Amino acid sequence: MVKKMAANTFKLTVHMVSSLDGYIAKKDNSVSWFETTDRYEKGVTVSEKEMGDFLKSIDCYIMGSRTYEHALELSKAHGWPYGDLPTIVVTHRNLPVERPNIEVYTGDLEKLVNGQLKPKYKNVWLAGGAKLAREFIRLKLADEIRLSIVPIMLGDGTPFFDHAGQEQELHLQDVTAYKNGMVELCYEIKK
């Protein structure tokens, strides 16, 4: 389940939700398939309090431009999912910034992590962008991968690990199966 971090540590987590066949979005960029009606009796349920406590442990989000644009679109109907936490959008494009806690970053990812994130934050989550996630992993800037697998096969769409470009050893830290049929795999990235 959700583990607490030791004091004075920095951790950057790549978090993705994927279909069983490795896609993070359909070709039209939709993610409505995240909601599942499956039922797994042996799975666990997370209470709202547990989820709230866990979300409070995250102190900064990072995302790519397409994830940001998608979150902006979804926020029109459901509200901004990242609350008032600092959110850094990594892009070379000129994007609208609609909230004071959002920062657009263009530049070196190592400088972002070592110069800007590590001095200020303890628990940073990269919340989207397959290309961005691959780059953080390739540069050895990410500490763990949390992959939530939805019980569906999409057959096509945006792949998570398409052309990763390098071999990367991982250490399985935790596996959680939920009542809704989702499975979360948590891997430490060996450096």
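The values are calculated or read from the model by the stated rules, or taken from the named source; none is laboratory data. Values in this document were obtained by computation on a predicted structure and should not be read as measured data. Note that each Cβ is placed from the backbone with ideal geometry, even for glycine, and that neighbours are counted across all protein chains shown. Areas reflect the complete protein model, heavy atoms only, side chains present, ligands, DNA and RNA absent. Shrake-Rupley method; radii C 1.70, N 1.55, O 1.52, S 1.80 Å.
Might you let me know whether the range 105-119 holds any residue that is closer than 23 Å to Ala25 by Cβ, modelled with pLDDT under 95, more than 16 Å from the chain's Cα centre (by Cα) and open to solvent by less than 40 Å² (accessible area, probe 1.4 Å)? Don't jump to the end; show me each part of the working.
Kept after step one, since they are closer than 23 Å to Ala25 by Cβ, are these residues of the range 105-119: 105, 109.
Applying the additional criterion that residues be modelled with pLDDT under 95 yields none.
Within the range 105-119 (the criterion being closer than 23 Å to Ala25 by Cβ, modelled with pLDDT under 95, more than 16 Å from the chain's Cα centre (by Cα) and open to solvent by less than 40 Å² (accessible area, probe 1.4 Å)), the answer is no, since none of the residues qualifies.
Strands (runs of 3 or more DSSP E) wholly in the range 1-115 with at least 3 residues that are touching a residue at least 40 places away in the same chain (Cβ under 8 Å) and of a type outside the set (S, T, N, Q) - which ones? Lay out the reasoning, then the answer.
Values: elements: 11-19, 23-25, 60-64, 87-90, 102-105.
Answer list for the range 1-115: 11-19, 23-25, 60-64.
For the list (1) touching a Gly at 6+ places or on another chain (Cβ under 8 Å); (2) open to solvent by 60 Å² or more (accessible area, probe 1.4 Å); (3) farther than 22 Å from Gln173 by Cβ, I need the number of the one condition that Arg138 fails.
Going through (1) touching a Gly at 6+ places or on another chain (Cβ under 8 Å); (2) open to solvent by 60 Å² or more (accessible area, probe 1.4 Å); (3) farther than 22 Å from Gln173 by Cβ one by one, Arg138 breaks only (3).
If you go through the range 161-178, how many residues are under 25 Å from Arg39 (Cβ atoms) and open to solvent by less than 70 Å² (accessible area, probe 1.4 Å)?
Matching residues across the range 161-178 total 4.
With respect to Ile149, is the statement that it is open to solvent by less than 50 Å² (accessible area, probe 1.4 Å), at pLDDT below 95, farther than 19 Å from Leu55 by Cβ and not in a loop (DSSP other than H, G, I, E, B) true?
Numbers: open to solvent by less than 50 Å² (accessible area, probe 1.4 Å): yes; at pLDDT below 95: no; farther than 19 Å from Leu55 by Cβ: yes; not in a loop (DSSP other than H, G, I, E, B): yes.
No.
Across the range 45-87, which residue is most open to solvent (accessible area, probe 1.4 Å) among those that are aliphatic (A, V, I, L, M) and at pLDDT 95 or above?
Leu85
Can we say Gly181 is more than 18 Å from Asn123 (Cβ to Cβ) and open to solvent by less than 50 Å² (accessible area, probe 1.4 Å)?
Working: more than 18 Å from Asn123 (Cβ to Cβ): yes; open to solvent by less than 50 Å² (accessible area, probe 1.4 Å): yes.
For Gly181, the condition - more than 18 Å from Asn123 (Cβ to Cβ) and open to solvent by less than 50 Å² (accessible area, probe 1.4 Å) - is met.
For the range 62-85, indicate whether the set of residues that are at positive phi and not hydrophobic (A, V, I, L, M, F, W, C) is non-empty.
Step one: list which residues in the range 62-85 are at positive phi, which gives 79, 83.
Now drop any that are not not hydrophobic (A, V, I, L, M, F, W, C), which leaves 79, 83.
Within the range 62-85, one or more residues are at positive phi and not hydrophobic (A, V, I, L, M, F, W, C).
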